[in-house]
Amino acid sequence: MPTIGMRPTKQPAYPAQVLRCHDCQLVQLGLVVDPAILFPPEYPYTSGATKILRDNFTELLREVAVHYPLGPADLVVDIGSNDGTLLTNFASRGPVFGIEPTQACKHAIQRGIPTLISFMNRQAVRTAIRGHGKAKMVTAANVFAHLEDIHEIVECILELLTDDGIFVSESHYLVSLTEILLYDTIYHEHLRHYSLTSLKRLLEMHGLEVIRARRILTHGGSIRVYAARAGKYPVDASVGEILAMEAIELTPEKLRSFRSRVVQTKLDLYVLLKEIKARGHRIYGIGAPCRASKMINYVGLDDGILDCVLEIQGSYKIGKYIPGTLIPVLEESRLFDDQPEYALLLSWHIGAELMPKLSARGCRGKFILPLPNPHVAG
């Protein structure tokens, strides 16, 4: 994200081709970008900034307590622990440890969450075991689909887990992607878009068995999957139920339909924005998550269409341009001090949370929801 006012320079761009394996049913990107580029030390994402994520991790702790209760000495390790939001919940009942490659871990350390600054690898696992012992539970929330050498990662997880340990992953869910047209979650951090079918196959290749699964609301639609060494725990009925549903919902025909529907929603958004701009009205974007950059670049929005994108005070993204554009990211007070006629919710997946809050604070403009069917709310 170039700083506002910088002399324009060439910015790298990478193809985002989505491929499906006819054998294992995995859907993944056709190009892997160096993780040092995707996750630099100054990586600006913090999970604690989003209420739905905070609530999700609180709910995860409650779910674990019901189905797989942890003892007061049982260690929980979070891969890609970010600012420690997930582990802060688990720290209330016992020891925790985070593995995180970016400076977001400083927030976790300030919260008292012990964290190793590292990508997930064999050395990180051995450091964790030396310092804290093996883990009864390893979590990977919105990170398991990001990691390149996934077979090596699963072996690392097995090394880190106790014999009766449980691995919990949360990933963007392929069924939600196709149902709700979540094409803005297709970007290079997300190498794979898992179904339970493909995830089960991967884990079974390493002797792990899926024992429970549940769809959750985060990121517009995700799946939470519990796995353990084969035979250690009974398999919940939820596993078979979701697998049966996927056999109906993830056919090649439905995936081809998804592709054509994505193109149509892009054209529909153009029509809506064209009518608004023809009346001389301004449009501000709300929220600058990674998915905002994807949508803006795929649809082809520029600073002639979108005056700016607004972020909450303190965001690392304020004072920068949206990648590939000259659309500035500004502090959200502008929404109230210089009110536009329309606000495009780039974080549309939490629109139900955002719109009443912004209206209560005095926003008088109308809200545009770009997906799954572009429309003006209300």
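The values are calculated or read from the model by the stated rules, or taken from the named source; none is laboratory data. All figures in this text were calculated on a predicted structure; none of them were measured in a lab. Don't worry about glycine lacking a Cβ; one is built from the backbone with ideal geometry, like all the others, and counts go over all protein chains shown. Surface areas here come from the heavy atoms of the whole protein model, side chains and all, with no ligands, DNA or RNA. Shrake-Rupley method; radii C 1.70, N 1.55, O 1.52, S 1.80 Å.
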The correct count of residues that are within 23 Å of Trp348 (Cβ to Cβ), open to solvent by 10 Å² or more (accessible area, probe 1.4 Å) and acidic (Asp, Glu) in segment 171-218 is 2
Filter pass, Lys317 being open to solvent by less than 30 Å² (accessible area, probe 1.4 Å), within 18 Å of the chain's Cα centre (by Cα) and not small (Gly, Ala, Ser):
yes
Which of the residues spanning segment 308-338 are within 21 Å of Gln11 (Cα to Cα) and in a loop (DSSP other than H, G, I, E, B)?
Tyr316, Lys317, Ile318, Gly319, Ile322, Pro323, Gly324, Thr325, Leu326, Ile327
Is it the case that some residue within segment 295-307 is in contact with a Ser or Thr (Cβ under 6 Å, 6 or more places away or on another chain), surrounded by fewer than 21 Cβ atoms within 10 Å (Cβ to Cβ) and free of Cβ contacts under 8 Å to residues at least 60 places away in the same chain?
yes
Residues that are more than 21 Å from Leu158 (Cβ to Cβ), modelled with pLDDT of 85 or more and open to solvent by less than 40 Å² (accessible area, probe 1.4 Å), at least 1 per element: which strands (runs of 3 or more DSSP E) completely within segment 34-131 meet that?
115-117
Return a yes/no flag: does segment 246-266 have any residue that is assigned to a loop (DSSP other than H, G, I, E, B) and small (Gly, Ala, Ser).
no
Kindly evaluate Met137 against the criterion of being surrounded by 15 or more Cβ atoms within 10 Å (Cβ to Cβ), in a strand (DSSP E or B) and not aromatic (Phe, Trp, Tyr).
yes
Restricting attention to segment 340-362, which residues are part of a loop (DSSP other than H, G, I, E, B), at pLDDT below 95 and more than 18 Å from Asp184 (Cα to Cα)?
Arg361, Gly362
